[in-house]
1. Give region 125-152 a look and list any residue that's among the polar types (S, T, N, Q) and more than 23 Å from residue 51 (Cβ to Cβ), or say none.
2. In region 8-24, is there at least one residue being in contact with a Gly (Cβ under 9 Å, 6 or more places away or on another chain), assigned to a helix (DSSP H, G or I) and modelled with pLDDT of 95 or more?
3. Residue check: is residue 36 basic (Lys, Arg), surrounded by fewer than 19 Cβ atoms within 10 Å (Cβ to Cβ) and in a helix (DSSP H, G or I)?
4. How many residues are part of a helix (DSSP H, G or I) and modelled with pLDDT under 95 when one looks only at region 42-56?
5. Tell me, please, whether a residue that is among the β-branched types (Val, Ile, Thr) and assigned to a helix (DSSP H, G or I) can be found in region 57-65.
6. Name the one entry in 62, 9 that is surrounded by 17 or more Cβ atoms within 10 Å (Cβ to Cβ) and free of Cβ contacts under 8 Å to residues at least 60 places away in the same chain.
7. Looking only at helices (runs of 4 or more DSSP H) that lie completely in region 66-182, which have at least 3 residues being free of Cβ contacts under 8 Å to residues at least 12 places away in the same chain?
8. Please state which of the following conditions residue 132 fails to meet, knowing it meets all the rest: (1) charged (D, E, K, R); (2) touching a Lys or Arg at 6+ places or on another chain (Cβ under 6 Å); (3) surrounded by 20 or more Cβ atoms within 10 Å (Cβ to Cβ).
Amino acid sequence: MRGLRYIKLGDKTLSIILGMKGVIVESPEQFLRNLREKFPNLTIQALDANFISGFEHLKMILQQSWTAFNRGISYTKKLDLELIVRLACDSQIARALKTLGLKSGKMDIALIAVGESKNLKLFNETIKDLGEFSDDVIKLNPEKERFLIKHHNISEELIKATIADRNKLAAILSEKANLLRV
């Protein structure tokens with residue numbers, strides 16, 4: 001089951017977030033290169049869904065990255081890399097890519113595409129053969145939450161002190177990404 005999520009970023013710019021289960025990645029570089037060549041008018045990023053704390057997390061990081069680019073205060077020179085750096089909460093691009101980037105083999109991924117509506121619709125229709133669409137790979141579950149808390153070294157006190165209504169971990173990770181140092 002999946003729901004198509006469009007996020008308005010600018011006057012003519014939208015983003016789409018998709019989860020895909022069981023995607024076969026032979027070569028991470030080639031996988032992204034193929035998508036980017038098919039859709040040169042889109043900014044596309046694919047990442048390991050295990051490091052995503054739900055759709056709220058992706059949406060906050062996407063909006064953060066977009067705003068930083070428009071203000072000229074981004075950590076990287078490319079929006080697709082900015083997303084990885086902020087999602088990894090790591091200003092070192094190589095380390096962020098090693099952590100959140102695609103790996104060879106079968107994996108669950110989160111896909112983010114940014115561009116105009118007509119290009120996003122075509123993208124959505126074209127990628128159906130990559131794997132099974134699944135919101136579940138992006139959603140936060142107890143196992144993923146424990147993993148991310150340990151991975152990001154987040155204390156129980158911080159979680160308790162966070163006043164977010166729903167996904168406290170997404171709010172914490174988004175704030176952590178916002179406070180990265182170059």
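The values are calculated or read from the model by the stated rules, or taken from the named source; none is laboratory data. Computed from a predicted model, the values in this text were never measured in an experiment. Because the Cβ atoms are built from the backbone with ideal geometry, glycine has one as well, and the counts that use them run over all protein chains shown.
1. Residue satisfying the conditions is 126 alone.
2. No; the residues of region 8-24 include none that is in contact with a Gly (Cβ under 9 Å, 6 or more places away or on another chain), assigned to a helix (DSSP H, G or I) and modelled with pLDDT of 95 or more.
3. Numbers: basic (Lys, Arg): yes; surrounded by fewer than 19 Cβ atoms within 10 Å (Cβ to Cβ): yes; in a helix (DSSP H, G or I): yes.
In short, yes.
4. Just the residues of region 42-56 that are part of a helix (DSSP H, G or I), to begin with: 49-51, 55-56.
So of that shortlist, the ones also modelled with pLDDT under 95 come out as 55-56.
Result for region 42-56: 2.
5. First pass over region 57-65, keeping only residues among the β-branched types (Val, Ile, Thr): 61.
Subset that is assigned to a helix (DSSP H, G or I): 61.
Scanning region 57-65 turns up at least one residue that is among the β-branched types (Val, Ile, Thr) and assigned to a helix (DSSP H, G or I).
6. Numbers: 9 fails: free of Cβ contacts under 8 Å to residues at least 60 places away in the same chain.
After ruling out the rest, the residue left standing is 62.
7. Details: elements: 79-88, 93-100, 117-126, 142-151, 156-161, 168-178.
Qualifying helices (runs of 4 or more DSSP H): 93-100, 117-126, 142-151, 156-161.
8. With respect to (1) charged (D, E, K, R); (2) touching a Lys or Arg at 6+ places or on another chain (Cβ under 6 Å); (3) surrounded by 20 or more Cβ atoms within 10 Å (Cβ to Cβ), residue 132 is out only on (3).
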